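The values are calculated or read from the model by the stated rules, or taken from the named source; none is laboratory data. The structure displayed is predicted, hence computed values, not measured ones. Counting neighbours? That spans all protein chains shown, and the Cβs are built from the backbone with ideal geometry, glycine included. All accessible areas refer to the heavy atoms of the entire protein, side chains included, with ligands and DNA or RNA removed. Shrake-Rupley method; radii C 1.70, N 1.55, O 1.52, S 1.80 Å.
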Amino acid sequence: MSALDTNLVPKIEMRNIAKTFGTKAVLRDVNLSIAPSESLVIIGGSGTGKSVTLKCILGLIQPDKGRIAIDGQETIGLRGREREAVLNKFGMLFQGAALFDSLPIWQNVAFKLIQGQNMKKTEARDVAVQKLEQVGMRADVADLFPAELSGGMQKRVGLARAIAADPEIIFFDEPTTGLDPIMADVINDLIVQCVKDLGATALSITHDMASARKIADHIAMLHEGRIIWHGAVADIDQSGNPYVDQFIHGRAEGPIQMAIRS
Amino acid sequence: MNPLAPVGRATLSLFEAIGRLLLFAALGLSHCVRPPFYPRLIWRQMIEIGFYSLPVVGLTAIFTGMVLALQSYTGFARFSAESAIPSVVVVSITRELGPVLASLMVAGRIGAAMAAEIGTMRVTEQVDALTTLSTNPYKYLVAPRLIAGVTMLPILVIVADTIGVLGGYLIATFKLGFNPELYISNTINFLQVIDVVSGLVKAAVFGFLIALMGCYHGYYSKRGAQGVGAATTNAVASAMALILIFNYVITELFFSR
């Protein structure tokens, strides 16, 4: 974290977060702070607790210990309306897009506007179409159903849904996983652009280094439940950290031993 | 290793599951009475449970009524007690067979559908997506199903009662040679309000149990196709077991003196 950020209240702050499932300690001691309008990417191998970290911040998973503050406000243990108020700041793009397959595309995009903010349907539809255009989709997809779209198109709709209510914070869960390299780059560009347009704080998790380099201001590496490196994206090639080096070069040999069985 | 450890672990996990289920039921119920409501979703579930279950419930009821008349005839003829058939049919149908059989059939149909749908939503992160879109999954997914289950099952059971009695009537008059007017007047004279009311109370409870099991098992579905499959099986099996258990308990409450 640069010296400049220290006098700001971090948008998201995690202190000593630990979470154990059964006998498996997924998060041991995670400390992270993300400045307003910063784009942080968490990298790390599969099963290192990246998704759990996101879900802890959202309150979908209750950490065993530690503190999480959003805009300086402690969020662990919040319920009802207070929890809702915090969640209203968030937008999230899920790994598999997680579109509601019983609803047409435009209702997916406008879901939060209709359900959460009681916007009129005609008005919400206009916003949805506009958001779809923002992610490069024509208005005529609005009435299709999610199952009629390809994986890349579903990701775009997921992105449109995530930004529909103009969130202050956006989470991206493996935004490029399962896409071809060209579509992955298109999604990366859209993410960068959307985050910039909104002036939002972005937190992404990925193991795609090309994607990480493109969308990140800062990168943090999660390994065995701890943040083992955190720095500017420009410094990642000179991190001097053997774990980071092994990961970004994708080598099988190195300090990180892949567990064949978990 | 401590030989008692597995026993303790099993006991603890049993209590954990019961606690989780009760908490789930309480949360689901509390969201049934707190706004915002989703009338469109409630309506859709009502159609799904009430309307689309009519054929299977009707089919079950008519054949149950028919076989009931036939069986009681072959039995009662030995004691020259054939005249008791109309009352036996109507009481068996309204008190027990209507609610229990209709609910078992609906449990197979609806419990499985609910668990599979919510389980798939869980597995594909749609349930988490609801939360990030400021919508409570209990309110959006669970409450409409519970409301529809509790309201639709009694209506289905009224239909089942009527068709069941009709089945008995058809066999008695066309096959066994009963006088139609006498059969109907015997049926009506013998029937008491408590017979129907107890059946409808059962139906409401069973409807709640079916929806609860479908939602609960779907909500806590494990990952993958296998997870959703297991959730579906468990939803149906547990709903059926609970229906039979609660059927005894409610009968005990209504009729034991």
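Could you quote the convex hull projected area for region A:130-174, Cα atoms only and averaged over all directions, in nm²?
That works out to 3.4 nm², a quarter of the Cα hull's surface.
How far apart, in nanometres, would the label points at A:SER37 and A:LYS196 be if each is projected 7 angstrom from Cα along the Cα-to-Cβ direction?
My value for the distance between the label points is 1.3 nm.
Taking the alpha-carbon set of region B:37-96, what are its Rg and Dmax in Å?
Radius of gyration, then largest Cα-Cα span, for region B:37-96: 17.7, 58 Å.
Per residue, how large is the accessible surface of the protein assembly as shown? Use a 1.4 angstrom probe and give square angstrom.
Per residue, the protein assembly as shown has an accessible area of 47 Å².
With unit charges on the beta carbons (Lys and Arg positive, Asp and Glu negative) and the dipole taken about the Cα centre of region B:5-255, which residue among B:ILE42, B:ILE85, B:VAL142 sits farthest to the positive side?
Ranked along the dipole, the leading option is B:VAL142.
Taking chain B as the reference, fit the longest principal axis to its C-alpha atoms, fit the long axis of helix B:5-33 to the helix C-alpha atoms, and give the angle between the two in degrees, 0 to 90, nearest 10.
80 degrees
Can you pull out the trypsin sites (Lys or Arg not before Pro) in region B:140-237 that DSSP calls coil and that have at most 13 other Cβ atoms within 10 Å?
Those that pass, being in a loop and sparsely packed, are B:LYS222, B:ARG223.
Got a sec? What order do A:LEU8, A:LEU58, B:LEU191 fall in by accessible area at 1.4 Å, biggest, i.e. largest, first?
Descending accessible area places them as A:LEU8, B:LEU191, A:LEU58.
Give, to the nearest whole percent, the P(r) tail of region B:5-255 beyond 30 angstrom, counting all Cα pairs.
Tail of P(r) above 30 Å: 36 percent of Cα pairs.
Given the -39500 (n - 2.57) contribution per DSSP H run of 4+ residues, what per-residue ellipticity at 222 nm results for chain A, rounded to the nearest 500 deg cm²/dmol?
Here the helix-only value at 222 nm equals -9500 deg cm²/dmol.
Quick one: with all protein chains in place, what share of the accessible area of region B:5-255 is carbon or sulfur, to the nearest percent (1.4 Å probe)?
Carbon plus sulfur share of accessible area: 73 percent.
5 Å is the cut-off here: which amide hydrogens, built 1.01 Å from N in the peptide plane, fall below it relative to A:ILE42, excluding neighbours closer than 5 in sequence?
A:SER204, A:ILE205, A:THR206, A:ALA220
Ballpark to the nearest 100 Å², how much total accessible area do B and A bury together, probe 1.4 Å?
Chain pair B/A: roughly 1700 Å² of buried accessible area.
List the longest stretch of chain A that has no exposed loop site; here a site is one of the trypsin sites (Lys or Arg not before Pro) assigned by DSSP to anything other than H, G, I, E or B, with at most 12 other Cβ within 10 Å.
Counting only loop sites that pass the neighbour cut-off, the longest clear stretch is A:139-250.
In whole Å, what three semi-axes, largest first, describe the equivalent ellipsoid of the protein assembly as shown built from its Cα gyration tensor (square root of 5 times each eigenvalue)?
Taking √(5λ) for each eigenvalue gives 57, 25, 19 Å, largest first.
Need one word for region B:87-194: rounded, prolate or oblate. Basis is the Cα gyration tensor (sqrt eigenvalues a ≥ b ≥ c); a/c below 1.5 gives rounded, then a/b vs b/c decides.
prolate
Would you kindly derive the ³J(HN,Hα) couplings of region B:57-65 from the backbone phi angles with the Karplus curve 6.51 cos²θ - 1.76 cosθ + 1.60 (θ = phi - 60°), listing them in order in whole Hz, with x for Gly and Pro?
Once θ is set to phi - 60°, the couplings for region B:57-65 become 5, x, 4, 4, 5, 5, 6, 5, x Hz.
What residues of region A:85-99 lose no less than 40 Å² of accessible area with every protein chain in place versus their chain by itself (probe 1.4 Å, heavy atoms only)?
Relative to the lone chain, where solvent access is computed with a 1.4 Å probe, region A:85-99 loses at least 40 Å² at A:LEU87, A:PHE94, A:ALA98.
Using amide H atoms built 1.01 Å from N in the peptide plane, name the residues 5+ places from A:LYS11, or on other chains, whose amide H lies under 5 Å from its own.
A:ILE34, A:ALA35
Residue by residue through region B:134-139, what is 3J(HN,Hα) from phi via Karplus (6.51 cos²θ - 1.76 cosθ + 1.60, θ = phi - 60°)? Round to whole Hz and write x for glycine and proline.
6, 10, 6, x, 4, 6
Under the Karplus relation 6.51 cos²θ - 1.76 cosθ + 1.60, θ = phi - 60°, what is the ordered set of whole-Hz ³J(HN,Hα) values for region B:162-170, x standing for Gly and Pro?
Result, ordered by residue: 4, 5, x, 5, 4, x, x, 4, 4 Hz.
Using modelled backbone amide H atoms (1.01 Å from N, in-plane), which distant-in-sequence or interchain residues come within less than 5 Å of A:ILE61's amide H?
Counting only residues 5 or more places away or on other chains, the set is A:CYS56.
Please report, in whole Å³, the volume per residue of the convex hull around the C-alpha atoms of chain A.
Each residue corresponds to 140 Å³ of Cα convex hull volume.
Counting only the backbone N, which residues of region B:1-42 are under 19 Å from the spot 7 Å out from the Cα of A:THR23 toward its beta-carbon?
B:1-14
Determine which residues of region B:235-249 fall in the zone a paramagnetic label at B:GLU16 would reach in this model, i.e. backbone nitrogen under 20 Å from the point 7 Å along Cα→Cβ.
B:235
Could you pull out every whole DSSP H run in chain A that spans at least 24 Å of Cα extent along its own axis and averages 0.0 or higher on the Kyte-Doolittle scale?
A:181-198
Say each of A:LYS89 and B:THR233 gets a label point 7 Å from the Cα, pointing the same way as Cα to Cβ; how far apart are those two points in nm?
In this crude label model, A:LYS89 to B:THR233 measures out at 4.5 nm.
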